[in-house]
Amino acid sequence: MTKIKIDGFQLFCMMFIFILGSTLLLDIGKAARQDAWIVPLLATFFGCVLYLIYISLYKRYPNMPLTGYLIKIWGKYVGGAISFCYIIYFVYIASRVLRDFEELLISSSYYVTSIITLGICMTFVLIYSVHLGIEAFARVTCLCFVVILLTLFILNVLYVVGGYIKVENLQPVLANGWGNIGKELVPLGITVPFGELITFTMILPYLNKKSQAATIGLSAIIIGGMVLTINSIILLCVLGTRDCFKILFPGSYSCELH
């Protein structure tokens, strides 16, 4: 292992931002209608369980990333094959997330800009961040954490002060039972973003105080899950079930109607 180290707060910020990430752009919980907010709430619990599994492996191999102890556990060939699949999977996930943000920017501020141009610009930023290393990246996430948290707080306060919150949009609770909630929760509600926290098995070995890994990770998951839940509640209260998904995800909504 190199001497690269990150502290607990930097790890917390990275995990928190990772949890929010593009999850706010996805229509997770759509089939649950007014109960959509229950999906991220329950998914947070399963996210904590998954993270505890990652931590149990980390405690056995505190100085090795996932790709390292997979080979140690499964052997050179089987472990190497699984490690290779892990890398390919996250290259695919990163490509999808990049495309999600390209589509978001094209549909809003940069509607006259080529999507390829946006993709190239963001890719160069990613290349530069990789060049600077994990420590520089971790320091930047601390700044981003403050900006994101402050922005969400201001927006939610403005919704409340402006009188846009209509709690009746959340009623009736569990009108259709737990069926649709279960379908939204498994597998998408759990795997995105909580299942993808397996990414941090590659970062945990760089933590300077290894005893903090469990506490910091669980705190980030719980707080991030609560933010996703509150965000879902506020969107439903402001827009209502029909308008919320129609405005935020017009493509999927129109397909559903047809």
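The values are calculated or read from the model by the stated rules, or taken from the named source; none is laboratory data. Because the structure is a prediction, the values reported are computed rather than measured. Cβ placement follows ideal geometry from the backbone for every residue including glycine, while neighbour counts extend to all protein chains displayed. Heads up: the accessible areas ignore ligands, DNA and RNA and are worked out on the full protein's heavy atoms, side chains in. Shrake-Rupley method; radii C 1.70, N 1.55, O 1.52, S 1.80 Å.
State all residues of the range 198-219 that are open to solvent by 60 Å² or more (accessible area, probe 1.4 Å) and not in a helix (DSSP H, G or I); if no residue qualifies, say none.
N208, K209
I need a count of the residues in the range 61-109 that are open to solvent by less than 40 Å² (accessible area, probe 1.4 Å), under 23 Å from A213 (Cα atoms) and among the aliphatic types (A, V, I, L, M).
Total satisfying the criteria: 2.
Which residue is farthest from L143 (Cα to Cα), if the candidates are limited to the range 1-21 and must be over 18 Å from the mean Cα position of the chain (by Cα) and modelled with pLDDT under 90?
The residue in question is M1.
Can F137 be described as closer than 27 Å to L11 by Cβ, part of a helix (DSSP H, G or I), touching a Ser or Thr at 6+ places or on another chain (Cβ under 8 Å) and at pLDDT below 90?
Spelling it out, it is not the case that F137 is closer than 27 Å to L11 by Cβ, part of a helix (DSSP H, G or I), touching a Ser or Thr at 6+ places or on another chain (Cβ under 8 Å) and at pLDDT below 90.
Which numbered condition trips up N176, out of (1) within 17 Å of A32 (Cβ to Cβ); (2) under 26 Å from the mean Cα position of the chain (by Cα)?
(2) is the only condition that N176 fails.
Give G195, G162, G177 a once-over and let me know the one that is out of contact with any His (no Cβ under 6 Å at 6 or more places or on another chain), open to solvent by less than 70 Å² (accessible area, probe 1.4 Å) and in contact (Cβ under 8 Å) with a residue 60 or more places away in the chain.
Going through G195, G162, G177 in turn, just one is out of contact with any His (no Cβ under 6 Å at 6 or more places or on another chain), open to solvent by less than 70 Å² (accessible area, probe 1.4 Å) and in contact (Cβ under 8 Å) with a residue 60 or more places away in the chain: G195.
In the range 82-109, what residues are small (G, A, S) and either part of a loop (DSSP other than H, G, I, E, B) or touching a Phe, Trp or Tyr at 6+ places or on another chain (Cβ under 7 Å) (or both)?
S108, S109 - these are the residues of the range 82-109 that are small (G, A, S) and either part of a loop (DSSP other than H, G, I, E, B) or touching a Phe, Trp or Tyr at 6+ places or on another chain (Cβ under 7 Å) (or both).
Within the range 110-122, restricting attention to residues that are part of a helix (DSSP H, G or I) and of a type outside the set (A, V, I, L, M), which residue is surrounded by the most Cβ atoms within 10 Å (Cβ to Cβ)?
G119
Considering only residues that are surrounded by 20 or more Cβ atoms within 10 Å (Cβ to Cβ) and of a type in the set (D, E, K, R), which ones fall in the range 34-60?
Passing the criteria: only D35.
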